[in-house]
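Have a look at the structure below, then the notes.
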Amino acid sequence: MAGWIAKQLWEVAVDQYGYVTSKDARRLGINVVELGKLSARRQIQKVGHGIYRFGQLPVTELDRYMLATLWANGRGVLSHETALDLYELCDLNPSKVHITVNGRHAPQRQDGEMYKVHLENIGLTDVTQFEGIPIVTERVAIEQCVRSGVAAKLISQALINGRERGAITKNEKRMLAALLAARR
């Protein structure tokens, strides 16, 4: 039985940078107690509240971003400065991973010191995937950073790079530049 459970969880973990959650287990019809048993047998490692990792999968630089979205109970999307950094739109190096969650689903979990949580309703068309991790679109990330007070120099850099790469339209660039100008 334990082999079957580990196999089912492994299939989920492969698509989540090695991570599996108690929510994933419930969705598969697996009692969450089994996660603790697998952890006790060192088949998985507990890395946070309800989050486990299969150590057989190599750690990558993107692991922390997947972990952030899962920490928010799978409802978080990478956003703000983190999104601009991952898209390489400007010279940002955020000290925390920025995630946005729907205001009704704010995480009440411990071990969130690594994250800056933003509460905002984001439409489905404003979310995409970055290497399999949910993230806001470039336009939304720039707008969020304008509204949250990121330095105008960095926003201008993101607007130029975003337009040059075709990540934002000419009209979106114009609208975002006007939003930035109004902030000053």
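Where a number appears in this text, it was derived from the coordinates with a stated rule and is not lab data. No experiment lies behind these values; they were computed from the predicted model shown. With ideal geometry, Cβ positions are generated from the backbone for all residues, glycine too; neighbour counts draw on all protein chains shown.
For the chain, a Gaussian network of Cα nodes joined below 10 Å ranks G162, G149, G48 by mean-square fluctuation, and the top entry is G149. Within the same chain, aspartates and glutamates fewer than 8 places from K153 are excluded, and of the rest, those with a Cα less than 19 Å from its Cα are E81, D85, E88, D91, E138, E143, E164, E172. Taking the centroid of alpha carbons for each part, region 11-40 and region 117-184 are 34 Å apart. Any idea what angle helix 152-164 forms with the longest principal axis of the chain, computed on alpha-carbon atoms, 0 to 90 degrees, nearest 10? Around 80 degrees separate the two axes.
Using a cutoff of 8 angstrom between alpha carbon atoms and counting only pairs six or more residues apart, the relative contact order for the chain works out to 16 percent. Expressed as an acute angle from 0 to 90° and rounded to the nearest 10, what is the orientation of the C-alpha long axis of helix 170-183 relative to the principal long axis of the chain? Computed tilt is about 80 degrees.
If you split all Cα-Cα distances of region 32-135 into 10 Å bins from zero, what percentages do you get per bin, shortest first? In whole percents, the pair-distance histogram is 14, 43, 31, 10, 1. The calculated 222 nm mean residue ellipticity attributable to helices in the chain amounts to -13000 deg cm²/dmol, summing -39500 (n - 2.57) over DSSP H runs of n ≥ 4 and dividing by all residues. Expressed to the nearest 5 percent, the antiparallel share of DSSP beta bridges inside the chain is 65 percent. Counting only alpha carbon atoms, the long axis of helix 2-14 and the longest principal axis of the chain meet at about 10°. Ranked for footprinting exposure by Cβ neighbours inside 10 Å, fewest first, W4, W71, W10 give W4, W10, W71. GNM remark for the chain: springs join alpha carbons under 10 Å apart, and the peak mean-square fluctuation among A72, A152, A83 falls on A152. Taking the charge dipole of the chain about its Cα centre, with +1 at Lys and Arg Cβ atoms and -1 at Asp and Glu Cβ atoms, the residue from T137, H118, G103 reaching farthest to the positive side is G103.
Please name whichever of V14, N171, A25 sits farthest to the positive end of the charge dipole of the chain, dipole taken about the Cα centre and charges placed at Cβ: Lys and Arg +1, Asp and Glu -1. So the residue furthest toward the plus end is A25. Extents of the chain, taken as max minus min of Cα coordinates on every principal axis and listed largest first, are 60, 30, 27 Å. A simple count of charges around V33, restricted to other residues whose Cβ falls under 14 Å of its Cβ and scoring Lys, Arg +1 and Asp, Glu -1, yields +3.
Taking T169, T100, T82 as the candidate residues, the one with maximal mean-square fluctuation in a Gaussian network model of the chain, Cα springs under 10 Å, is T169. Using the empirical formula 2.2 N^0.38 Å as the baseline, the Cα radius of gyration of region 2-53 reaches a ratio of 0.95. A straight Cα-to-Cα reach below 20 Å connects K46 with the aspartates and glutamates E11, D15, D24, E34, E61, D63, D111, E113, residues fewer than 8 places away in its own chain not being considered.
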